[in-house]
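Single-structure report; data block below.
The values are calculated or read from the model by the stated rules, or taken from the named source; none is laboratory data. Just so it is clear, the structure is predicted and the values come from calculations on it, not from any experiment. Neighbour counts run over all protein chains shown; Cβ positions are idealised from the backbone, glycine included.
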């Protein structure tokens, strides 16, 4: 799916509990704009957006995530919640 294009009508007529974005964010150049686009496209259609990144505890990934999340919180504001999980 191209996040820069309008959603197809069948998707607009549904409500979803979750939108999963697995292991994509690390391949996106402008991560903040990508996530803002996701929130814009799926606002009101999705209960939660779940973004999964590989090696989330690898130092460079942590720094990237912290930077992206700080910028998102500044632009999107409230309603953005961060939860993290780790392998046991």
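What number of residues in region 47-68 are out of contact with any helix residue (DSSP H, G or I) (no Cβ under 9 Å at 6 or more places or on another chain) and outside any loop (DSSP other than H, G, I, E, B)?
Qualifying residue count, region 47-68: 8.
Residues that are in contact with a strand residue (DSSP E or B) (Cβ under 8 Å, 6 or more places away or on another chain) and at pLDDT 75 or above: does region 52-69 have at least one?
Yes - at least one qualifying residue is present in region 52-69.
Output the residue which, of all residues in region 25-53 that are free of Cβ contacts under 8 Å to residues at least 12 places away in the same chain and surrounded by 14 or more Cβ atoms within 10 Å (Cβ to Cβ), is farthest from residue 74 (Cα to Cα).
Once the filter is applied, the top-ranked residue is 28.
For region 1-26, what are the residues that are in contact with a strand residue (DSSP E or B) (Cβ under 9 Å, 6 or more places away or on another chain), under 24 Å from residue 53 (Cα atoms) and assigned to a loop (DSSP other than H, G, I, E, B)?
Result: 23, 24.
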